[in-house]
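Worksheet for the structure shown next.
The values are calculated or read from the model by the stated rules, or taken from the named source; none is laboratory data. Since the model is a prediction, treat every value here as computed from it, not as a measurement. Note: ideal-geometry Cβ built from the backbone for every residue, glycine included; neighbour counts use all protein chains shown. Protein only, heavy atoms only, side chains kept; ligands, DNA and RNA dropped before computing areas. Shrake-Rupley method; radii C 1.70, N 1.55, O 1.52, S 1.80 Å.
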Amino acid sequence: TTVTRNVGLDFTLFDGRLSGNAEAYINTTKDLLIEFPVNGTGYDTQYRNMGETENKGLEFAINYVIVDKENFGLNFSANISMNRNEIKDLGQMEVFDAETYWASSEIGTDYKIEVGGRVGKMYGYKNAGRYEADDFEGFIDGKWVLKEGIADASAIVGSVRPGTMKILDLEEDGVIDEKDKSIIGDANPLHTGGFNINGRVYGFDFGLNFNWSVGNDIYNANKVEFTSTGKYQYRNMIDEMAEGKRWTNLRADGTISNDLDELRQMNATTTMWSPLTDRMVFTDYAIEKGSFLRLNTATIGYSLPKSIIEKVKMQKLRIYATAYNVFCLTDYSGFDPEVSTIRKTNLTPGVDYSAYPKSRQFVVGVNVNF
């Protein structure tokens, strides 16, 4: 059940040249279905009506006729939306975990759902770079020994040696485990919107349609998978893990070095950790800003003068060309910042895992009216 409260204002000014609207709303939804853990029933979980969320926000839209003459005109319109979501109630629970399962069960819990929070909170470890040679006493009796005070992440990443991925010890207890997880990302944007520019001049016309999103995080699962080898010996790596950038333990002859001084020298110019881990690990290294500005469509057309087309019994003849997905300005390293590929549950938005990139299309056409 959703209860909606909203107030809005529509306005028109300057003989209709400027118009728009503003709206504020609060939506409360109760009795949302939640998969609840149960015992002794023959099932692990049961769906129950026990969730409550609140969405509140502001929306604005504006349209401005800048120029409106017989042979030329220019029009601008835009909209912006700001929404804030809050989890108000989870029934008998205060918090529970959600999993994307994009890597089967290797990652484990990667989203956190809790009262007072928001849907879309990403939950994982904080990356602390890599174990350097100076973090170890040495290779003693066939195993690497960490110096006192250096946290041991072997329970998460597997055997630890120089070059292994390092995780921040939030608990400061010297051991990296599930207690060192925290909220590391948020799929919710600060605001989204778009704007259009349309114009005409002496038979020519054009239109530009943009949209944007600001402030949301993207869970780039590709960066996790393609910077880890683990049990996948021949896996391809992304360019950040290229030879010369990643830590190496191999000498030129292919043998493994366990000498600290030699390893320091071999990796003096490398910046990334070794891709060898026992399993894939979700850290804030895979969290990226998803803000973008995209030109969705661009159209240009030309309508022949009536003095010409009336001779062949036509009312209108317009030739046009349209391009879709023209460009996208973003700092996101993946193919497309407008992505959310894991839909096992709506509680895990903002994941990019091998989504097919948007194609760029071109259309040429003719509109004829008789």
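Of the strands (runs of 3 or more DSSP E) lying entirely inside the stretch 236-340, those containing at least 3 residues that are open to solvent by less than 20 Å² (accessible area, probe 1.4 Å) are 292-303. Whenever a residue of the stretch 264-278 is under 16 Å from Gln233 (Cα atoms), its partners that are open to solvent by less than 90 Å² (accessible area, probe 1.4 Å) and hydrophobic (A, V, I, L, M, F, W, C), lying with C-beta atoms within less than 7 angstrom and at least six residues away or across chains, give the pairs Ser274/Trp247; Pro275/Met237; Pro275/Met241; Thr277/Val157; Thr277/Met165; Asp278/Val157. Scoring Gly230 on the criteria (1) outside any strand (DSSP E or B); (2) modelled with pLDDT of 95 or more; (3) open to solvent by less than 50 Å² (accessible area, probe 1.4 Å) leaves a single failure, condition (2).
Scanning the stretch 211-252 for residues that are of a type outside the set (S, T, N, Q), farther than 22 Å from Tyr131 by Cα and touching a Phe, Trp or Tyr at 6+ places or on another chain (Cβ under 9 Å) yields Trp212, Val214, Ile218, Tyr219, Ala221, Arg235. For the stretch 110-148, the set of residues classified as open to solvent by less than 20 Å² (accessible area, probe 1.4 Å) and under 22 Å from the mean Cα position of the chain (by Cα) consists of Asp110, Tyr111, Ile113, Gly117, Gly120, Met122, Gly124, Tyr125, listed by residue number.
Leu74 passes every criterion in (1) hydrophobic (A, V, I, L, M, F, W, C); (2) open to solvent by 30 Å² or more (accessible area, probe 1.4 Å); (3) assigned to a strand (DSSP E or B); (4) within 30 Å of Ile26 (Cβ to Cβ) apart from (4).
Exactly one residue out of Leu13, Leu32 is without any contact (Cβ under 8 Å) to a residue 24 or more places away in the chain and surrounded by 14 or more Cβ atoms within 10 Å (Cβ to Cβ), and it is Leu32.
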